[in-house]
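**Student:** Okay, handing you the structure first.
Nothing in this text is a laboratory measurement; each read-out follows from the coordinates by a stated rule. In this text the structure is predicted, and so the values were computed from the model without any measurement. Cβ atoms come from the backbone with ideal geometry, glycine included; neighbour counts cover every protein chain shown.
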């Protein structure tokens, strides 16, 4: 099944990548340069950093689990 829109996007993407000899670093630099030139504000989704020395503590007490109660009934047994 051919989709003309998908075909066009792929053609344009390939032509853009070919301008940089398919070098991802060069493509990235060009994108960042264009962002800077645009004057627009772009969101940054930098992941939160995990602190290896940080001790992780539970926020609530653990719920008791019994082998005699099927797992689909655990929630109702604890709530009731």
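**Student:** Would you kindly state how much longer the chain becomes between residue 28 and residue 10 on full extension, computed as 0.36 nm times their sequence separation minus their alpha carbon distance, in nm to one decimal?
**Tutor:** Roughly 4.7 nm would be gained on extension.
**Student:** Now a separate question. Ranked from highest to lowest mean number of other Cβ atoms within 10 Å per residue, what is the order of the peptides 26-33, 7-14?
**Tutor:** Per-residue Cβ counts within 10 Å, averaged per peptide and sorted highest first, yield 26-33, 7-14.
**Student:** Continuing with the same structure: Could you calculate, for segment 1-40, the ratio of the Cα radius of gyration to the Kirkwood radius, expressed as Rg to Rh?
**Tutor:** Radius of gyration over Kirkwood radius for segment 1-40 works out to 1.12.
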